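What follows is one structure encoded as structure tokens, with my remarks underneath.
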Amino acid sequence: MEQTLKVTNVMSDPTRYNIYQYMIKHHRNVSAAEIAKAFEIHTNVARLHLSKLEDVHMVESYSEKTGKGGRPSRRYHISDEVIELNFPYRDYKLLSSIAIESFAELGEAGQQALYNTGKKYGTNIINRDQQGHTSIELTTEQKLYILEDAGDMLGMYPEFHYNEAQNMITFTIKNCPFKEIALNNQATICHMHHAFLKGMLEALFEDIQLLETENMFEGCENCSYLAKLATV
């Protein structure tokens, strides 16, 4: 409880909260100078915010030699430690692990049911966010905005790009919302997430072919995908 109170106190500051979101979205190590420039604050203020986040183990830091002499610079990155706040306490991660293992024990039929459910939920999320518009009424730019907005809401922080000449969409997922569960069930979770993303895309576009090109569990910086759209 004491740690929970510390975290809520640190994250109650809007600038500090936005700095943390910035670090997740950009998915790279940052310096106090970069944060200061991005948020138009003094470097010492940026360093203070980063130190506060480090105090509650939300970020970690290390020293890096600049090669120019003088003091080493300090760089910060998101901690692997997951912060979960529930009042009263709930353990949804444990419930998810139990459910995933139960599906896996059912064999191929259980896994297929998991993938089908993942795709259905991906579709439902986009249908909910279309605000009464049909996919025919929306431009490609509007569709990508809906996908990106929904992805941000789900903690994936994606970036979508449309290649008109090749009629395909490429996108990256900078944060895996299922990372902790996937550590013990990577293949199952990644296939379910693939189905989830396919459901999101097919709620807005015609039948697509979705290919994974990079996977963060295989040493890549992000998960990356290529979606080939159906020709009209």
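We did not get these values from a lab; they are worked out from the coordinates using the rules stated. Fair warning: this is a prediction, and the values are worked out from it, not measured in the lab. No Cβ is skipped: glycine too gets one built from the backbone with ideal geometry, and neighbour counts run over all protein chains shown.
Residues in the stretch 108-116: is at least one free of Cβ contacts under 8 Å to residues at least 12 places away in the same chain and either in contact with a His (Cβ under 8 Å, 6 or more places away or on another chain) or under 24 Å from HIS27 (Cβ atoms) (or both)?
no
What are the residues in the stretch 100-142 that are of a type in the set (Lys, Arg) and touching a helix residue (DSSP H, G or I) at 6+ places or on another chain (Cβ under 7 Å), if any?
LYS119, LYS120
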